[in-house]
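The values are calculated or read from the model by the stated rules, or taken from the named source; none is laboratory data. Predicted model only: the values in this text are computed from it and were never measured. All Cβ positions, glycine included, derive from the backbone under ideal geometry; neighbour counts span all protein chains shown.
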């Protein structure tokens, strides 16, 4: 006898592309982006009276070389039915704000730096591109495009120019964004890079897409054929432009909100394998593994809940695409956070292999290619 939650999950998995293969994809967002810059910054913001009320602000920082090597060590312990290890589809941002240049412009002009430049300014992250390349070469870690920055630069610069206390204080400590609720005052979603308040902002967003994808190719030596818009909002008219820039697959929620300005949205219903009019394939997630998230119950068993979601996906003949953000594996601010996340990931991967020995671990682009070819 299934309960209502299980029934709802099964129904959610019904529409779209189907397969008898036991495919698991792990999509991990936010790589390359700076969030909480340092432990010093974290304490400085707390001492300034700001409430860091999300697990991202508590644990998420630019990845260190030790973070990546620790993650790789866990992945290498496991092999799928094709004798290959699990692979992380690293949904990456390739740039961050250039805080010094912005300050020198008296907060009138936005400037950015590549994530390589950002990482080289932090001792624990300096040279991390070598670890990225190692992960790519060993098929443990495959970057795709999340956006140029994980930041809505139009909203951010507006708040800075208005001398918003919370954002200006965060800026001083090298932190670009805070939670939505800051001491009872609502901030706009600054992490939603492609949300918009006016349709005129679409031209800025086109430039961000063009320069961001070019920087991605410059850094990694290959084009990203897949994009997952940060936090979800993305005006659908930009999809044609993405097509021109070589993006063939788009990550989306099943109920996509396309912002049209003025706080309004257009709802669009999507499913795995659905194609838009430019023949781009939509990819969706149906499993969640976020052990760092204390906004949920601290007692939540993320391994068991993710296993149930994978089971539902396979029952409905769907690949299991697991959402598991970078923050779960970061130790730069709190080493216990990384150790806890990796221990649970290790347990999850072992449980998957034991229950489904025929499992195959794929990247999102590999899944997209399979779907695109099967739909022809």
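See the values below:
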quantity	calculated
Qualifying positions in region 17-40 - farther than 19 Å from residue 336 by Cα and surrounded by fewer than 19 Cβ atoms within 10 Å (Cβ to Cβ)	18, 19, 20, 21
Number of the condition not met by residue 215 [criteria: (1) assigned to a loop (DSSP other than H, G, I, E, B); (2) under 25 Å from residue 89 (Cβ atoms)]	(1)
Scope region 49-70; condition outside any helix (DSSP H, G or I) and more than 19 Å from the chain's Cα centre (by Cα); matching residues	49, 50, 51, 52, 53
Test set (1) within 19 Å of residue 267 (Cα to Cα); (2) crowded, with 18+ Cβ neighbours inside 10 Å; (3) without any contact (Cβ under 8 Å) to a residue 40 or more places away in the chain - residue 196 fails condition number	(3)
Residues of region 346-369 that turn out to be buried (at least 22 other Cβ atoms within 10 Å of the Cβ), part of a helix (DSSP H, G or I) and within 18 Å of the chain's Cα centre (by Cα), as a count	3
Considering residues of region 330-345 that are in contact (Cβ under 8 Å) with a residue 24 or more places away in the chain and farther than 15 Å from residue 301 by Cβ only, the residue surrounded by the fewest Cβ atoms within 10 Å (Cβ to Cβ)	334
Boolean, residue 46 is assigned to a helix (DSSP H, G or I), out of contact with any helix residue (DSSP H, G or I) (no Cβ under 8 Å at 6 or more places or on another chain) and over 28 Å from residue 362 (Cβ atoms)	yes
Filter result (touching a residue at least 12 places away in the same chain (Cβ under 8 Å) and more than 16 Å from residue 283 (Cβ to Cβ)) within region 219-232	219, 220, 223, 231
Those residues of region 218-261 which are part of a helix (DSSP H, G or I) and out of contact with any helix residue (DSSP H, G or I) (no Cβ under 8 Å at 6 or more places or on another chain), in sequence order	218, 239, 240, 243, 244
Qualifying residue in region 2-17 (condition: closer than 14 Å to residue 125 by Cβ, out of contact with any strand residue (DSSP E or B) (no Cβ under 6 Å at 6 or more places or on another chain) and in contact (Cβ under 8 Å) with a residue 24 or more places away in the chain)	no
Total residues in region 15-32, condition touching a helix residue (DSSP H, G or I) at 6+ places or on another chain (Cβ under 8 Å), in a strand (DSSP E or B) and closer than 21 Å to residue 78 by Cβ	6
Considering residues of region 43-60 that are crowded, with 20+ Cβ neighbours inside 10 Å and farther than 18 Å from residue 340 by Cβ only, the residue modelled with the highest pLDDT	45
Residue that is without any contact (Cβ under 8 Å) to a residue 60 or more places away in the chain, farther than 29 Å from residue 193 by Cα and more than 19 Å from the chain's Cα centre (by Cα), where the choices are 268, 299	299
Residue check for residue 209: part of a loop (DSSP other than H, G, I, E, B), touching a residue at least 12 places away in the same chain (Cβ under 8 Å), crowded, with 20+ Cβ neighbours inside 10 Å and within 21 Å of the chain's Cα centre (by Cα)	no
Failed item in (1) closer than 25 Å to residue 319 by Cα; (2) touching a helix residue (DSSP H, G or I) at 6+ places or on another chain (Cβ under 6 Å); (3) crowded, with 20+ Cβ neighbours inside 10 Å, with residue 190 passing the rest	(1)
Candidate set from region 268-321 (those that are part of a strand (DSSP E or B) and touching a helix residue (DSSP H, G or I) at 6+ places or on another chain (Cβ under 8 Å)); member that is surrounded by the fewest Cβ atoms within 10 Å (Cβ to Cβ)	288
Search result, residues across region 186-206 that are in a helix (DSSP H, G or I) and within 29 Å of residue 55 (Cβ to Cβ)	205
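For (1) under 14 Å from residue 37 (Cβ atoms); (2) surrounded by fewer than 19 Cβ atoms within 10 Å (Cβ to Cβ); (3) at pLDDT below 95, each residue gets a yes or a no:
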position: 114; (1), (2), (3): no, no, no
position: 124; (1), (2), (3): yes, yes, no
position: 137; (1), (2), (3): no, yes, no
position: 140; (1), (2), (3): no, no, no
position: 152; (1), (2), (3): no, no, no
position: 166; (1), (2), (3): no, no, yes
position: 184; (1), (2), (3): no, yes, yes
